[in-house]
Amino acid sequence: MKVLVDTNIILDFLLERELFLQEAKLLFQAINSSQIKGYVTATTLTDIFYIARRHTQSLERARQSVVFILSSLEVCPIDRTVLELALTSTTPDFEDALQVSCALAQGLDAIVTRDAKFPANSIQVLSIHELMQKLEDARD
């Protein structure tokens, strides 16, 4: 299964956000063991760098965060086609529209997020728990 990982989950993992860390670890374990293939949008990398640097007050830690993501996830490119698709989307949040458009352009199966309000219109949107359940069901 190929999934786009939403920024919030990546930050949960990198910044070790206590409430969400265990589920984020499960997701990255599934990615590292090749049970699923994880993707991230190119724009998410700039968000991660900015937030990690602000949160940790460390340029080096911010760089390490991006290096980790580049080594763990595939990058969905954002080109003119993806931008135009996002602009014509009915999704009101442009960042979410970009993620949906990238996922569709790459033929991904789902977007994994903990944002309960993430728009689920043209692609499946799953929580980590729901994704893990799908993996478990597929093994049975």
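Nothing in this text is a laboratory measurement; each read-out follows from the coordinates by a stated rule. Please read all numbers here as calculations on a predicted model, not as lab measurements. Cβ placement follows ideal geometry from the backbone for every residue including glycine, while neighbour counts extend to all protein chains displayed.
List the number of the failed condition for residue 39; all other conditions in (1) among the hydroxyl-bearing types (Ser, Thr, Tyr); (2) in contact with an Asp or Glu (Cβ under 6 Å, 6 or more places away or on another chain); (3) farther than 27 Å from residue 109 by Cα hold.
(3)
What number of residues in the range 1-21 are assigned to a loop (DSSP other than H, G, I, E, B) and crowded, with 19+ Cβ neighbours inside 10 Å?
Narrowing the range 1-21 to residues assigned to a loop (DSSP other than H, G, I, E, B): 1, 6, 15-20.
If we keep only those that are crowded, with 19+ Cβ neighbours inside 10 Å too, we end up with 6.
Number satisfying all stated conditions: 1.
Can you tell me how many residues within the range 22-50 are surrounded by 14 or more Cβ atoms within 10 Å (Cβ to Cβ) and within 18 Å of residue 79 (Cβ to Cβ)? Step through it out loud before you land on a result.
Let us first name the residues in the range 22-50 that are surrounded by 14 or more Cβ atoms within 10 Å (Cβ to Cβ), namely 23-28, 30-31, 35-45, 47-49.
In the following step, the residues that additionally are within 18 Å of residue 79 (Cβ to Cβ) were identified as 39-45.
Here the count works out to 7.
For residue 78, indicate whether it is closer than 16 Å to residue 4 by Cα and touching a residue at least 60 places away in the same chain (Cβ under 8 Å). Full working, then the answer.
Details: closer than 16 Å to residue 4 by Cα: yes; touching a residue at least 60 places away in the same chain (Cβ under 8 Å): no.
For residue 78, the condition - closer than 16 Å to residue 4 by Cα and touching a residue at least 60 places away in the same chain (Cβ under 8 Å) - is not met.
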